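Chemist: Quick one: the structure is below, and I'll ask about it shortly.
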Amino acid sequence: MKNMRKNKGFTLIELLVVIAIIGLLSTLAVVALNNARAKSRDAKRVSDIKQIQTALELYYQDNNGYPSAGAMPTSIATGGNTYMGVVPTNPTPNGITYTYACVGAAPCAGSYTITFNLESGTGSLVSGNHTATPNGMQ
């Protein structure tokens, strides 16, 4: 009687196939994660702009005008009232710095624009440059 011994284990081909499948799945996971991160940053940008708009409207109610033109303020406050202690900045990477512009003569009783950028879009806003005014976001 021959002594036949069965080899137990995986062949080299089986191991290579499993490694290839794991590599493919991990690549897909990384791509999906990067898309989720971009959408998360965009959602934060829209949320930041809405908060800034709310603070500017509160400022307008008390002062009959918006803050003077110039760089995006680091805080929105006047006369002992703080409407926004720290104005948020653009989450990185990607996107552009939020910019604020007063429309109309001082004390800026007319309007304002806030410019911001989205990477992949969120909600009804597509990727690219957008502006926010007292009438909403475009």
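The values are calculated or read from the model by the stated rules, or taken from the named source; none is laboratory data. Computed from a predicted structure; not experimentally measured. Here the Cβ is made from the backbone with ideal geometry for all residues, glycine too, and neighbour counts use every protein chain on show.
Chemist: Just need a number here: residues in region 73-125 that are in contact with a strand residue (DSSP E or B) (Cβ under 7 Å, 6 or more places away or on another chain) and either among the β-branched types (Val, Ile, Thr) or assigned to a strand (DSSP E or B) (or both).
Modeler: Of the residues in that region, 20 qualify.
Chemist: In addition: Which of (1) within 18 Å of THR113 (Cβ to Cβ); (2) touching a Phe, Trp or Tyr at 6+ places or on another chain (Cβ under 9 Å); (3) exposed (fewer than 14 other Cβ atoms within 10 Å of the Cβ) is the odd one out, the single condition SER75 does not satisfy?
Modeler: Single failed check for SER75: (1).
Chemist: Among the listed residues ALA20, ALA55, which satisfies the condition of being more than 15 Å from the chain's Cα centre (by Cα) and within 17 Å of PRO134 (Cβ to Cβ)?
Modeler: Unique residue meeting the criteria: ALA55.
Chemist: Hey, another quick one. Out of the residues in region 127-138 that are in a loop (DSSP other than H, G, I, E, B) and surrounded by 13 or more Cβ atoms within 10 Å (Cβ to Cβ), which is nearest to the chain's Cα centre (by Cα)?
Modeler: Only one residue fits best here, namely SER127.
Chemist: Within region 81-97, can you find the residues that are closer than 29 Å to ASN63 by Cβ and either loosely packed, with under 13 Cβ neighbours inside 10 Å or not hydrophobic (A, V, I, L, M, F, W, C) (or both)?
Modeler: ASN81, THR82, TYR83, GLY85, VAL86, PRO88, THR89, ASN90, ILE96, THR97
Chemist: Those residues that are surrounded by fewer than 16 Cβ atoms within 10 Å (Cβ to Cβ), without any contact (Cβ under 8 Å) to a residue 40 or more places away in the chain and not in a loop (DSSP other than H, G, I, E, B), I need them from region 55-69; list them, please.
Modeler: Those that are surrounded by fewer than 16 Cβ atoms within 10 Å (Cβ to Cβ), without any contact (Cβ under 8 Å) to a residue 40 or more places away in the chain and not in a loop (DSSP other than H, G, I, E, B): LEU58, GLN61, ASP62.
Chemist: Another question, if that's okay. So THR27 clears everything in (1) part of a helix (DSSP H, G or I); (2) of a type in the set (S, T, N, Q); (3) within 19 Å of the chain's Cα centre (by Cα) except one condition, right? Which one?
Modeler: The one condition THR27 does not meet is (3).
Chemist: Next question, about the same structure. Name the residue that is surrounded by the fewest Cβ atoms within 10 Å (Cβ to Cβ), counting only residues in region 98-126 that are within 14 Å of LYS44 (Cα to Cα) and modelled with pLDDT under 85.
Modeler: GLY123
Chemist: Let me ask you something else. Can you name the number of the only condition in (1) under 17 Å from GLY128 (Cα atoms); (2) touching an Asp or Glu at 6+ places or on another chain (Cβ under 9 Å); (3) buried (at least 17 other Cβ atoms within 10 Å of the Cβ) that LYS39 fails?
Modeler: (3)
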